[in-house]
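In what follows, a single structure is set out as structure tokens and then discussed.
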Amino acid sequence: MIVKLSSEQGKDFGLSGWRLFIILGVTLLGVYSALSVKLDEDALDLLPGPEVRRQLVDLSRLGMVNRIFLSFDFTGPNQEVTADPNQLVAEIARVGSILSADPLFREVFYRLPEGYEFRLAGTFHEYLPVLVDGKDREAIRERLAPERLREFLVDDFLKLNSVAGLPLIGMIRRDPLDFTSIVLEKMKGLRGGMQISLWNGFFLSKDLKHGLLWLEGLETMTDTVNAVKVKQSIDRAVAGAPTGIRIRVVGPFAHTIANAEAIRHDLAKLLPIAMGILAVFLLAVFRSWRALVVVAVPFLAIPPAIALVGLFSPSISAMALGFGIVLLGIAVDFAVHIYYGFHRGQGFGPSLKTSVLMAAGTTIGVFVVLLFSQIPAHRQMALLALGGIGWALVLSWWLVPMVGRGCKQSPALIDNRLLCFVQKTHRWNLIRIGCWLVLLLAGLAGWGSLRYSGDLKSLDMPDDSISQNEEAFLRIWGSGVDSAFVVARGSSSAEALNVNDQVYFTLREEGGEGFQSLAPLLPGPARQNENLASWRLMQQENLPQLELELPVAAVDAGFTADAFAPFLDWFHREATLMDPGLLLESPLRPLLMSLYREVGTSEGAGEDEVLVATIVPETTGNRLALAGVARSLPEVSILSGGLWRQQVEKLLHYDLIRLSSLAALVIILLCWVYFRRLRLMAAALAPVVAALSAMVVFISLTDGLLNMMHVLMGIMVIGLSVDYGIFVVQACRSDHTAATFPAVSVCAVTTLSGFGVLAFAGHPALHALGVTVLVGIGAAWPTALLVTPALLPWEQEL
């Protein structure tokens, strides 16, 4: 049998055919492109503003972000048994040698080389004239006094005649007054607040029950791929530790992995649940296989959206991809409204088309605003939403009418008597509007109590073992006080070290204490020249008398008259400036490299530069000293946890106000373009006001802290809730409430299902997003159904 199609049917069939071809092509292309987009789990994506990110990059370039500590703890058969340091250092040496051969690590520090004491003493003695300052020179003058000179020589004679005296002969002849110890004393400043002792060159605690090894990774530890590789290497190295020794690993890579695993676990668990809830709910509501098309819209929209993000970036943030769950609830709205038009026998007429276009315009406009966020992950979320929502609109416009025309009209989801009550019972309007105003006033009252938190720890999810290891590490090795980093930079080592000297003296003048600095051991050329000039004056003042008294004192102490000729030769010698490389390649390298770094263009610098850091414990007094450094030396960077959090809070506050204001302005302008009447605009915006007020009340009743996720939440809530108001206003104006009210309810439930499952996420950022927006949409939905109609003019005025 041959079926003949009318010309109109043939036209529709042809039109549908090429639309399906485009949909299939875009979807397949989107899937193919999305598969090539790399998942990026870099914590830097959550940082607002280039300055904040630059500070963290500076820390990374100094090796701080990529630093990992291994604490070797002697547990023994029981805690009362005396620790065997030989057992500890043997295990430290075993693990250290394995990690030193691993190409993932730039530096591995676990011991000073054998004979380091003599090498250091020789280096410091050679360049002592350029290293000693005014206080040191006073100590030297005191030792040159005749009585002290004789005391030192007597003590030297006793040392040489002891069991360990033979190796000391050369050192004592070159430095009988132990000037070198004055410089060696400065080494204590390199430890800062860490409680480290040296035992045979290894870094042990004072009770010899704990040993320390630290290393620096080549790649950033905020990236999950790098963090996993590092963890695997460390796990292999520490495997086989002997009984009685526990190895605790502390470093940022552990947090990176824990957060990535939490997000990945949440996505794997919640995405299928959200999909299942969405499919089951829509099938239950529409009771037709045709509803599968409505369900398919968000799934077909996501791959092209991910591909769109891939056009601008080779990777997508895991947090942005988690937003794909939420996108499921947003992208389905247009399809639901169009399908409900057919489902309730009203079709896809001009009024519904206008409503869909108006709602799409406001939602897209709001996410365009989010593109101007200072947080990279937010910008990716916005781009993902724009691509997904835009393509979902096209899919809904083309696909849903194809299947909607043949669907049967079904019973209303909401009883008609309730609809009649909502739309016609004006005597209850004041009660509904009054409740809405109470919520608005509560939101205004709660707004003033909100605080802005820039602490990323609120978005962190370390497991118990990470927290326990960090607490034990601070208890054993540190003071538990956060530290600030004062970074001096220059195009050369001379320039950077000169600035670092200024930092050192400014901190001292401002009352700073307990800070770690290279300045005492590695002054810049300017200060070395100053020290050298002062040394020459001291030579002229003291050398003639020393040449007369030293031979006599030597004979009196039991030496020959020329025993200390090497010392006099050294005192006569013209001193030279010390090259930084000499000390940086000395046995002190493990301690110095955390404070000095030559950075090339390949490591993120715009040009080759040298960074020199001073580590300052953030005590109350030191905070005042840091403020003084900031005033006196504006060219240096102060990387302080407290100041950094304040800066993040400031940027967050700015972003929240700026983006919320822009979003509100966009919504108001679009609503004015749509309605051109203030009362209609107020009715459409009522759900927005209710949603934001409910969110503020909820946050103020919990911890009262706003974080960077709330910026995203506020923007999304504005875009979603205004759609509900627009659809209801348009429906009341065209008398299509029988289809629109149930459709708004279905859209709200689908959105709540997307956000609702995030409320069960283990990761705090996803959980906060889910719970808070759940509250906002939960308030916008009833407001759209109950309050928006009450705010509209009487029917004859619509």
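The values are calculated or read from the model by the stated rules, or taken from the named source; none is laboratory data. Predicted model, so just to flag it, every value in this text is computed and none were measured. Note that we place each Cβ from the backbone using ideal geometry, even for glycine, and neighbour counts take in every protein chain shown. The protein model used for the area step is the full one, side chains on, heavy atoms only, and it has no ligands, DNA or RNA in it. Shrake-Rupley method; radii C 1.70, N 1.55, O 1.52, S 1.80 Å.
No other residue among Arg645, Arg631 is among the basic types (Lys, Arg) and without any contact (Cβ under 8 Å) to a residue 24 or more places away in the chain apart from Arg631.
When Val696 is tested against the conditions (1) open to solvent by 10 Å² or more (accessible area, probe 1.4 Å); (2) more than 21 Å from Ile668 (Cβ to Cβ), the lone failure is (2).
Only one of Leu153, Leu190, Leu208 is buried (at least 19 other Cβ atoms within 10 Å of the Cβ) and touching a Pro at 6+ places or on another chain (Cβ under 8 Å). Can you tell me which?
Working: Leu190 fails: touching a Pro at 6+ places or on another chain (Cβ under 8 Å); Leu208 fails: buried (at least 19 other Cβ atoms within 10 Å of the Cβ).
The match here is Leu153.
In the set Leu705, Leu720, Leu701, only one residue is over 19 Å from Asp655 (Cβ atoms) and either touching a Lys or Arg at 6+ places or on another chain (Cβ under 6 Å) or open to solvent by 10 Å² or more (accessible area, probe 1.4 Å) (or both); that residue is Leu701. Determine which member of the set Leu418, Leu444, Leu439 is open to solvent by 70 Å² or more (accessible area, probe 1.4 Å), in a helix (DSSP H, G or I) and modelled with pLDDT of 85 or more. Selected residue: Leu444, the only one of Leu418, Leu444, Leu439 that is open to solvent by 70 Å² or more (accessible area, probe 1.4 Å), in a helix (DSSP H, G or I) and modelled with pLDDT of 85 or more. In the stretch 563-578, the residue that is nearest to Glu147 (Cα to Cα) out of those that are at pLDDT below 90 and exposed (fewer than 13 other Cβ atoms within 10 Å of the Cβ) is His572. For the stretch 502-526, residues that are open to solvent by 10 Å² or more (accessible area, probe 1.4 Å) and either over 23 Å from Leu583 (Cα atoms) or in a helix (DSSP H, G or I) (or both) total 12.
Per this entry, Ser197 is not counted among residues that are open to solvent by less than 20 Å² (accessible area, probe 1.4 Å) and of a type outside the set (Phe, Trp, Tyr). Of the numbered criteria (1) more than 21 Å from Thr751 (Cα to Cα); (2) at pLDDT 85 or above; (3) small (Gly, Ala, Ser), the one Gly361 fails is (1). Filtering the stretch 172-187 to residues that are open to solvent by 60 Å² or more (accessible area, probe 1.4 Å) and either in contact with a strand residue (DSSP E or B) (Cβ under 9 Å, 6 or more places away or on another chain) or at pLDDT 85 or above (or both) leaves Arg173, Arg174, Asp178. Given the criteria at pLDDT 90 or above and surrounded by fewer than 16 Cβ atoms within 10 Å (Cβ to Cβ), does Asn529 qualify? Yes. Checking the stated criteria, Ile638 turns out to be part of a strand (DSSP E or B), under 23 Å from the mean Cα position of the chain (by Cα) and at pLDDT below 85. Based on what the data block shows, is Gly347 at pLDDT below 80, farther than 24 Å from Lys269 by Cα and open to solvent by 10 Å² or more (accessible area, probe 1.4 Å)? So Gly347 passes the test.
Considering Pro303, Pro272, the condition of being at pLDDT 75 or above and open to solvent by 50 Å² or more (accessible area, probe 1.4 Å) is satisfied by Pro272 alone.
Within the stretch 590-597, does at least one residue satisfy the condition of being over 23 Å from Leu190 (Cα atoms), at pLDDT 85 or above and open to solvent by less than 10 Å² (accessible area, probe 1.4 Å)? Explain how you work it out, then say what you get.
Step one: filter the stretch 590-597 for residues over 23 Å from Leu190 (Cα atoms), giving none.
Scanning the stretch 590-597, I find no residue that is over 23 Å from Leu190 (Cα atoms), at pLDDT 85 or above and open to solvent by less than 10 Å² (accessible area, probe 1.4 Å), so the answer is no.
Restricting the stretch 211-225 to residues that are closer than 15 Å to Asp58 by Cα and touching a Ser or Thr at 6+ places or on another chain (Cβ under 8 Å), the residue that is surrounded by the fewest Cβ atoms within 10 Å (Cβ to Cβ) is Thr220.
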